[in-house]
Amino acid sequence: MFNFNALVSRIKYIPRWSLMRQSRPEYLAEHTTEVMQIAHTLAAVAKEKFGADVEEKNIVICSLYHDISEILTGDMPTPVKYNDDVLKKAYKDMEAKATDKMVETIDPAVRKYIVPFVKANMLNEREQKILKAADKFSALIKCMEELQCGNSEFKLAYESTKKSLEDMNLPEVSYFMENMLPSYALCLDELAKI
């Protein structure tokens, strides 16, 4: 029996932002879906507007698996994960071991088709940055939603995430910030106006 797909399906049970009071809980499955969609857009913008040598399909498939280690480890809060270098290294090692354990559950006959996307080892540097930016945009959007609900708990997370995106110095990130991110503050009636 090969358990990989059943393990991945448990993504819907993994809560995010565990140390933060939230107006609405967020789970890893919805975060992953949002990262995939944003990664696809960022890759298309990078390719078409800025001539980047990126393969958007590879980025999107890698984004599907970008946090699967958390199915076994849970979502480690950023303030804990990045608090000091020892913890950061230990958590990275734990994530790698969890990913390796998950990879072992893939049917060996199809492993060669799945593992490169799980480990994202075929992405070039720009593609890796796009995936990271999509992950950060999803976090920023969650912060924006919480702030719109009057939850100041997410103020510092918003500021630090926005700064880390700006510090990436990627034209597709700046383009998304200027042309797409403001729409996330609109209500459905405003978004649906044609």
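When the trypsin sites (Lys or Arg not before Pro) in region 1-80 are filtered for DSSP coil states and for at most 16 other beta-carbon atoms within 10 Å of their beta-carbon, the remaining sites are Arg21.
Candidate cross-link partners of Lys89 among the lysines, defined by an alpha-carbon separation under 26 Å and a same-chain spacing of 8 or more, comprise Lys81, Lys97, Lys101, Lys119, Lys129, Lys132, Lys136, Lys162, Lys163. Annotation: for a label point projected 7 angstrom from Cα along Cα→Cβ of Asp53, residues of region 143-172 with backbone N closer than 19 Å are 170-172.
Counting only DSSP H runs of at least 4 residues, each contributing -39500 (n - 2.57), and dividing by the residue count of the chain, the helix-based mean residue ellipticity at 222 nm comes to -19500 deg cm²/dmol. How many percent of Cα pairs in region 51-161 exceed 25 Å? Distances greater than 25 Å cover 33 percent of the Cα pairs. Ordered by the count of other Cβ atoms within 10 Å of each Cβ, fewest first, Phe137, Phe4 give Phe4, Phe137.
Between Glu166 and Leu19, the FRET efficiency estimated from the beta carbon spacing at R0 = 35 angstrom works out to 0.90. One chain, two ends: Ala90 and Tyr27. Fully extended at 0.36 nm per residue, the span grows by 20.3 nm beyond their Cα-Cα distance.
Over the Cα atoms of region 4-192, the radius of gyration divided by the Kirkwood radius equals 0.96; this is the Rg/Rh ratio.
Averaging the Cα positions of each part gives two centres, and for region 30-78 and region 135-189 these lie 16 Å apart.
Determine, from the Cβ-Cβ distance of Lys81 and Tyr184 and an R0 of 22 Å, the FRET efficiency 1/(1 + (r/R0)^6), rounded to the nearest 0.05. With a Förster radius of 22 Å, E is 0.30.
Length gain on complete extension for the stretch Ala6 to Asn121, per 0.36 nm per residue less the alpha carbon to alpha carbon distance?
39.1 nm
Put in line by how crowded their Cβ is, counting other Cβ atoms within 10 Å and starting with the fewest, Ile59, Ile114, Ile130 read Ile114, Ile59, Ile130.
Bear in mind these aren't lab numbers, they're just calculated from the coordinates by the rules spelled out. Everything numeric in this text was worked out from a predicted model, so none of it was measured. As a convention, Cβ positions derive from the backbone with ideal geometry for all residues, glycine included, and neighbour counts pool all protein chains shown.
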